[in-house]
Amino acid sequence: MSSGEKILSTIRKDSEEAITEIQVESKEKCAKIIAKGQKKALEIRENAEKTKAEQSLKLQKAYQSRIELEKRNAILKTKRNEIEKAVAYVLAAMDRLEDEAYFELLYRLAGTLGQRKGIVYLNERDLKRVPADFEQRLAGKGVRATLSKTPDSSLKNGFLLKNGDIEDNMSFGSVMAEKREAVEDLINRELFKR
């Protein structure tokens, strides 16, 4: 198994564990929301039966619609919160990778840039642990770059590639933001399977 596959396997395993925990929490929260909605629906139904038949039907429909909307909004809010937790977990897991796995991930990100050249900037932590063959490994991925000896304090992780006015931000947060929709769709499918 290559080191890239090991990285993906580790990230996948960690993500699956986190997704399982989040699924359990989400199902519990959804069950409580549904139970609350059903209780409210029952109260509304009892009140509506005390009124005239015409008003009863009208009120019941209005209240039921409102409850469904509130229930749907509550479920959507819960899903959104759980997706945010999962994204934060994935970003943190990427940031906590061991040195070798971490830099393998950087090389993979560099490989997505195609043929580029410029100056690569790392944060202070990564600059201290950068492998000796870092520039050669980047070149192997199509990025011919010189490593800046000055750390970039704006970076939490990942790297920046600058060539004049052109800047490729390959920090994990930036990459995640760029792929946010696809990542959210994947997490949504995994967390809320039906």
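Regarding segment 81-99, can at least one residue be identified that is outside the structural domain of LYS141 (by TED's automatic domain parsing), surrounded by 13 or more Cβ atoms within 10 Å (Cβ to Cβ) and modelled with pLDDT under 75?
For segment 81-99, residues outside the structural domain of LYS141 (by TED's automatic domain parsing), surrounded by 13 or more Cβ atoms within 10 Å (Cβ to Cβ) and modelled with pLDDT under 75: absent.
Pairs needed: first member in segment 55-76, more than 10 Å from ALA41 (Cβ to Cβ) and not assigned by TED's automatic domain parsing to the domain that holds SER26; second member anywhere, surrounded by 15 or more Cβ atoms within 10 Å (Cβ to Cβ) and modelled with pLDDT under 85; C-beta distance under 6 Å; at least 6 residues apart or different chains.
Partner pairs satisfying both residue conditions: none exist.
Identify all residues within segment 119-133 that are crowded, with 19+ Cβ neighbours inside 10 Å and either more than 17 Å from PHE172 (Cβ to Cβ) or out of contact with any Ser or Thr (no Cβ under 7 Å at 6 or more places or on another chain) (or both); write none if there are none.
Once the filter is applied, which keeps residues that are crowded, with 19+ Cβ neighbours inside 10 Å and either more than 17 Å from PHE172 (Cβ to Cβ) or out of contact with any Ser or Thr (no Cβ under 7 Å at 6 or more places or on another chain) (or both), segment 119-133 yields LEU122, ASP126.
Of all the residues that make up segment 42-59, how many are polar (S, T, N, Q) and either at pLDDT 75 or above or surrounded by 15 or more Cβ atoms within 10 Å (Cβ to Cβ) (or both)?
Counting residues in segment 42-59 that are polar (S, T, N, Q) and either at pLDDT 75 or above or surrounded by 15 or more Cβ atoms within 10 Å (Cβ to Cβ) (or both) gives 2.
So which residues in segment 167-194 are assigned to a loop (DSSP other than H, G, I, E, B) and not small (Gly, Ala, Ser), if there are any at all?
Start the filter on segment 167-194 by keeping residues that are assigned to a loop (DSSP other than H, G, I, E, B), which leaves 170-171, 179, 192-194.
Scanning segment 167-194 gives MET170, LYS179, PHE192, LYS193, ARG194.
Here's a check for you: in segment 11-41, which residue that is touching a Leu at 6+ places or on another chain (Cβ under 9 Å) and either free of Cβ contacts under 8 Å to residues at least 12 places away in the same chain or surrounded by 17 or more Cβ atoms within 10 Å (Cβ to Cβ) (or both) is farthest from ALA93 (Cα to Cα)? Give the steps one after another, and end with the answer.
Residues of segment 11-41 that are touching a Leu at 6+ places or on another chain (Cβ under 9 Å), as a first pass: 11, 19, 22-23, 26.
With the extra rule that they be either free of Cβ contacts under 8 Å to residues at least 12 places away in the same chain or surrounded by 17 or more Cβ atoms within 10 Å (Cβ to Cβ) (or both), the set shrinks to 19, 22, 26.
Values: ILE19: 13, ILE22: 15, SER26: 21 Å.
The qualifying residue farthest from ALA93 (Cα to Cα) is SER26.
Among the listed residues GLU84, GLU43, which satisfies the condition of being out of contact with any Pro (no Cβ under 8 Å at 6 or more places or on another chain) and under 30 Å from VAL183 (Cα atoms)?
Among GLU84, GLU43, only GLU84 is out of contact with any Pro (no Cβ under 8 Å at 6 or more places or on another chain) and under 30 Å from VAL183 (Cα atoms).
The values are calculated or read from the model by the stated rules, or taken from the named source; none is laboratory data. Everything quoted here is computed from the prediction, not taken from an experiment. Please note: Cβ atoms are built from the backbone with ideal geometry, for glycine as well, and neighbour counts cover all protein chains shown.
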